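Everything on this sheet refers to the single structure shown next.
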Amino acid sequence: MDILKVILTALLSAGALFLIAKIMGHKQMAQLDFFDYINGITIGSIAAELATELESPLKPLTAMIVYGTISVTLSLVTRKFPGTRKFINGTPTVIMNGGKIYRENMKKAKLDLSEFMVMCRQEGYFDLTAVQTAIFEYNGRLTILPVSEKRPVEPEDMNLSVVPSCVYTEVILDGRILGENLVRMGVDENWLEKRIKEQGYKRAEEIYLGICDDNKNLVLFKGE
């Protein structure tokens with residue numbers, strides 16, 4: 001009987017954790033601010049307790065709901081009152097600018113030189129002379145602006161006109177024609193079959209993936 005209770009409380013814990021996560025919204029781990037990080041750890045701990053709490057599972061469940069409500073409320077507050085973000089989330093800190101590393105700002109961000117160098121290398125900068133500005137964001141990431149001479153060449157630097165990129169839509173997936181996507185693009189299966197034959201195929205079943213852009217350019221891939 002105890003085993004059954006453990007299974008039921010574990011399912012309740014997993015279900016509650018899933019629902020609270022859906023309500024709180026999705027964030028990548030590297031994008032969590034300080035409060036979200038602490039809140040995530042706390043809710044996870046409470047969920048683990050709920051999974052094995054056989055006597056009174058409503059207590060940890062209530063605690064999970066309270067923490068989830070706090071997180072959602074703070075998210076709404078910071079969205080409605082931008083001035084509160086500085087207090088709740090913190091502010092970005094300039095670590096390096098114009099060849100100068102600011103020691104006081106590194107202390108404020110609780111970074112040492114070794115950690116700063118590691119973060120620079122993770123962003124692809126092994127040579128600090130290539131860094132114009134380095135900003136330590138409130139979510140723990142390092143944002144780097146390279147010096148002008150080191151940044152990648154862009155088309156506008158060479159006075160080149162570039163054709164705007166188009167978003168491709170899947171029209172054939174694993175040999176199946178995706179009719180809804182064809183309708184959304186304003187074409188039909190007859191148009192697709194004609195384009196397939198123009199590219200040397202007999203039928204859609206031969207094609208592993210077919211994608212089409214807004215200009216009706218069809219690209220086909222045959223599976224191996």
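The values are calculated or read from the model by the stated rules, or taken from the named source; none is laboratory data. It should be emphasised that the depicted structure is a prediction, and the values quoted were computed from it without experimental measurement. In this analysis, Cβ positions are derived from the backbone assuming ideal geometry, glycine residues included, and neighbour counts consider all displayed protein chains. Keep in mind that these areas ignore ligands, DNA and RNA; they rest on the heavy atoms of the full protein, side chains included. Shrake-Rupley method; radii C 1.70, N 1.55, O 1.52, S 1.80 Å.
Once the Cα-Cα distance is subtracted from the 0.36 nm per residue extended length, the I41 to E123 segment shows a gain of 26.8 nm.
For segment 78-101, backbone nitrogen atoms closer than 17 Å to the point 7 Å from V147 Cα along Cα-to-C-beta are found at 96-101.
Packing, taken as the mean count of other beta carbons within 10 Å per residue, orders the peptides 134-143, 74-83 from highest to lowest as 134-143, 74-83. Extension gain, I101-R203: 0.36 nm per intervening residue step, less the Cα-Cα distance, totals 30.5 nm.
Summarising the label geometry, the points placed 7 Å from Cα in the beta-carbon direction at F87 and V66 lie 2.2 nm from one another. Each semi-axis of the equivalent ellipsoid for segment 115-224 is √(5λ) with λ an eigenvalue of the Cα gyration tensor; in descending order they amount to 45, 18, 13 Å. Solvent-accessible area per residue in segment 58-104 equals 71 Å², computed with a 1.4 angstrom probe and all protein chains kept.
Annotation: peptides 184-194, 39-49, ranked by per-residue average of other Cβ atoms within 10 Å with the highest first, follow the order 39-49, 184-194. Modelled this way, with points 7 Å down the Cα-to-C-beta line, the labels at D112 and E55 are 4.5 nm from one another.
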